[in-house]
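Here, each number is a calculation from the coordinates, and none is a lab measurement. These figures come from a predicted structure and were not determined experimentally. Note: ideal-geometry Cβ built from the backbone for every residue, glycine included; neighbour counts use all protein chains shown.
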């Protein structure tokens, strides 16, 4: 199966790129998690999934408007990546951003209240699902234009190098955005100036309803930096341990002053592109197969029970705690007031 | 048969330059392609090559001569065997070489050989120094870079080349490659990188070689720079300046001749500044660099070489959002900005000769628009003409016209008239280009029309 075969890595260059002498990194492989690490990953991924399920329900109830892009199925990517984050590092992504915010430590209440467009949403109700930010948590959006976050994330890395602060920028985008021109303009300058940026391509197999095979002449996104001499690695994005290992290695590459690196996360979204998705472009069986065979949360749960001998009861406690947190966030987001009409004209300029 | 060696133009907007050095002397034989002389402007240097073979019979303009007009003869080549004594210098061409004398090709409405703009009122107690807009912009950046280490400049050819239009001349030498960053030709992403760096706390000055190329980056400018402060509920800041030449230069045709003042002024979250004088260029650029918001700073290639009095000192700021009464008057209000001021001030002179005292307002900033200054003037004069090089539909003049109708309707004694560039892509042919741009005569005619004269 595609999602797991990616963990075998791609240490050697593709034949067609042989003359480019790419830098090849050893595959980061798997790092075994300790019990505490497994429990933390389980809880964070579960928090994202329950949050997104709740957001889906609230969308259906008319509490959330506009577009709403859920992350269900991809949880291992952001949770694994944040294992490598250090204080001062920045995170930036596109419009499928709820999970990235939660993983950066932003309270679920503030995110959910933004989805419902309320006064205490993280953007005071002015941004919505696709446009959320947190200076405090060094989360730089939340960007609605496909691919726009890539130059911006590269600019964050530019500032890190300028300031000599040793921080890195984690810049996330999808397989769809990976075909935008500005991505390659950014790759060029990032490598030219050796900017500390980890480009994380979340390949969830479909750009809206167009499969990778129907949209991309070269479907191995880890090689998309080859002509700029940026190394890349394909990672099993359904296994949080593989993601964490790759993230740690990539972050070190950047912190050592080697410039940018690309991680292609082979992942899968269970839900539609957005809430209004006709689901005609793939079969129910395909989705079901991924859910039953590769679910990122189930993988951790099985390891916790079988390898680490954690008790069902202890996992149930986590389930209950997460459920309560999400319930509280949903309740807050439902009953918080709408923004004051005077807010219409604030924040246009500083 | 003698051949004149003519002073060449280094760029479409060059009007005169310095003959730095002769590499051949009178009596030398030359072949086509030989370098005869070197010339320079404040922008660039160039070698003058022989286009024919023969003997350099006469040097008309000695080396070291400043302000040699383009197309004037600087020397004469004769064929082998011809006598030097037979050389006659084209009288008309010599006349064109004389400073201040308009050439036959110059638009009748504009004195193209004069690079000194009409004097502007400067407070008498302030010491000033005469400098070009180009120098003023450079000084503004240098002063702000000395003041704040988070200010840096990036763009195409800003460092080693010293700026495609020499605006960043000397900055690399003083501030080094960390703060004066040459980019590849990649507007979309370097605009985005600048915005990302601004969000992270730096203060980038992003130079577009011209604003025509910024269309590649307009998504980043509008969607990422202009909107993020609002979309983040005031959390994210974007203190960035996008600057570069805007509007028509000379003979560069449709894709390189476009005024973006109205385009960017449409967008909440952006500030849009369009200076005319060197003093305003300097003071406004300094304000733009210190501003915590994204600022679109629209310069003009033709104005770069114009000289003005500029207040001395490295801390003289001109506030964004404040128009300037460039010339007081009581009969009609003329509103313009940027290079439009050249037509407008000349028109005001001409009108004064006919007994009409025009009040000229230089908007200086298009967003936020200082409509109060315009309103106060129009309430006094009862008449208004707007002047801009941009297109008429949804232009800056349209906006002013609408606001006057809303807020000064009862004061108007005549409809507001707009003088704009023509509603066509900019043509290349010299005569058509001239027809596509505003001219002084039509500003005068419009002012007289609203005065019923």
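For the reader, a short list of remarks on this structure follows.
- By the Stokes-Einstein formula, at 1.002 mPa s and 20 °C, the protein assembly as shown with its Kirkwood radius over alpha-carbon pairs has D equal to 72 µm²/s.
- Normalised convex hull volume, chain B, alpha-carbon set, Å³ per residue: 155
- As a rough guide to protection, the peptides B:39-51, A:101-113 ranked by mean Cβ packing within 10 Å, highest first, stand as A:101-113, B:39-51.
- Figure legend: label point modelled 7 angstrom from the Cα of residue A:302 along Cα→Cβ; residues of the range A:215-242 with amide N under 20 Å from it are A:235-242.
- Between residue A:34 and residue A:227, the contour length at 0.36 nm per residue exceeds the Cα-Cα span by 65.6 nm.
- Distance histogram in 5 Å bins (all Cα pairs of the range B:204-263, percent per bin): 4, 16, 24, 21, 15, 10, 5, 3, 1, 0
- 21 Å tail of the calculated P(r), the range B:247-371, as % of Cα pairs: 43
- From helices alone, chain B scores -7500 deg cm²/dmol at 222 nm; the rule is -39500 (n - 2.57) for each run of n ≥ 4 DSSP H residues, then divide by the residue total.
- The distance between label points at residue B:42 and residue A:248 comes to 6.0 nm (points 7 Å beyond Cα on the Cα→Cβ vector).
- Label-to-label distance, residue A:291 versus residue B:403, with points set 7 angstrom from Cα along the beta-carbon direction: 5.7 nm.
- Only beta bridges with both residues in the protein assembly as shown are counted; by DSSP, about 40 percent of them are antiparallel.
- Whole-number D in µm²/s for the range B:408-447 (Stokes-Einstein; Kirkwood sum over Cα pairs; 10 °C, 1.306 mPa s): 132
- The largest-to-smallest principal axis extents of the Cα set in the range B:333-373 are 35, 21, 6 Å.
- Rounded to 0.05, the FRET efficiency of the residue A:279 and residue A:317 pair, given R0 = 22 Å and the Cβ-Cβ distance, is 0.05.
- Three-way shape label, the range B:129-311, alpha-carbon gyration tensor, a/c 1.5: rounded
- Net lengthening on full extension, residue B:83/residue B:432 (0.36 nm per residue, minus Cα-Cα): 121.3 nm
- Acute angle (nearest 10 degrees) that the helix B:440-450 long axis makes with the longest principal axis of chain B, alpha-carbon atoms: 30
- Degrees between helix B:187-199 axis and first principal axis of chain B (Cα, 0 to 90, nearest 10): 50
- Just so you know, the Cα atoms of the range B:3-97 work out to an Rg and Dmax of 12.6, 39 Å.
- Along each principal axis, Cα extent of the range B:204-311, largest first, Å: 43, 37, 21
- Computed over every Cα-Cα pair of the range B:229-291 and binned at 5 Å starting from 0, the pair-distance distribution P(r) comes out as 4, 14, 20, 22, 19, 12, 7, 3, 1, 0 percent.
- Shape analysis of the range A:173-279 based on the Cα gyration tensor places the equivalent ellipsoid semi-axes at 25, 17, 10 Å, largest first.
- Expressed to the nearest 5 percent, the antiparallel share of DSSP beta bridges inside the range B:129-311 is 15 percent.
- Per-pair calculated FRET efficiency, R0 = 51 Å: residue B:349 and residue B:53 via Cβ, rounded to 0.05: 0.55
- Whether the range A:230-318 is rounded, prolate or oblate, judged on the alpha carbon gyration tensor where a/c under 1.5 counts as rounded: oblate
- Point-to-point label distance, residue A:192-residue A:214, nm (Cα→Cβ direction, 7 Å offset): 3.6
- Taking Cα atoms only, the orientation of helix B:133-147 departs from the longest principal axis of chain B by about 60 degrees.
- R0 of 45 Å, Cβ-Cβ distance residue B:35-residue B:423: FRET efficiency to nearest 0.05: 0.45
- Taking a ≥ b ≥ c as the square roots of the eigenvalues of the Cα gyration tensor, the range A:34-166 is oblate, since a/c reaches 1.5 or more and a/b is not larger than b/c.
- Distance histogram for the range B:324-450 (every C-alpha pair counted, 10 angstrom bins, percent rounded to whole numbers): 14, 48, 31, 7, 0
- Here the range B:324-450 carries DSSP beta bridges of which approximately 20% are antiparallel, counting only pairs with both residues inside.
- Scaled against the 2.2 N^0.38 Å expected of a compact globular protein of N residues, the Cα radius of gyration of chain A reads 0.96.
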